[in-house]
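Please treat every number below as a calculation from the coordinates, not as lab data. Model, not experiment: these values are computed from the prediction. Neighbour counts are summed over all protein chains in view; Cβ atoms, including those assigned to glycine, are modelled from backbone coordinates with ideal geometry.
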Amino acid sequence: MGLGPAGPVIGLTDAKSKTGALLNVTPEGESSFTLFKGKGREGRAQMVVSPSGSPDITLADANGFEMDLGSAGTVNSKTGATEQTSAASIVIFGNDEKRHVIWQAPRSWRLGGSMLAENARRRV
């Protein structure tokens with residue numbers, strides 16, 4: 001238990017801090033619960049509720065693929081417009097540098113391979 005750069009945090013880890021769980025609340029009002037392996041680079045499961053109440057569950061693997069269930073930020077690479085999906089959404093991101101959306105439900109008519117993830121969330 002302590003105070004990290006993003007606010008109060010309760011953490012449980014193995015002796016080398018490579019596997020664990022974190023419970024965090026930011027000063028802005030975001031709360032999250034994260035399970036991780038390899039400091040998040042080998043696998044991560046994270047539940048977040050934003051200050052506005054938008055929920056999101058993220059699963060990430062060691063290969064860089066990621067799936068968001070719930071509210072996820074995306075950016076249209078052609079227009080630069082940002083979008084926020086609803087809590088009733090699933091978005092799967094590729095492991096490339098731009099994190100292209102490779103599958104989404106409900107499918108956005110603007111998707112067409114042009115949506116990119118907005119990588120604004122903190123990562124373990």
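Couple of notes before you dig in:
- Listed here are the strands (runs of 3 or more DSSP E) enclosed by segment 18-99 that have at least 1 residues being on the phi < 0 side of the Ramachandran plot and of a type in the set (S, T, N, Q): 19-25, 31-37, 43-49, 55-61, 73-76, 82-84.
- Scanning segment 69-82 for residues that are under 11 Å from the mean Cα position of the chain (by Cα) and in contact (Cβ under 8 Å) with a residue 40 or more places away in the chain yields A72, G73.
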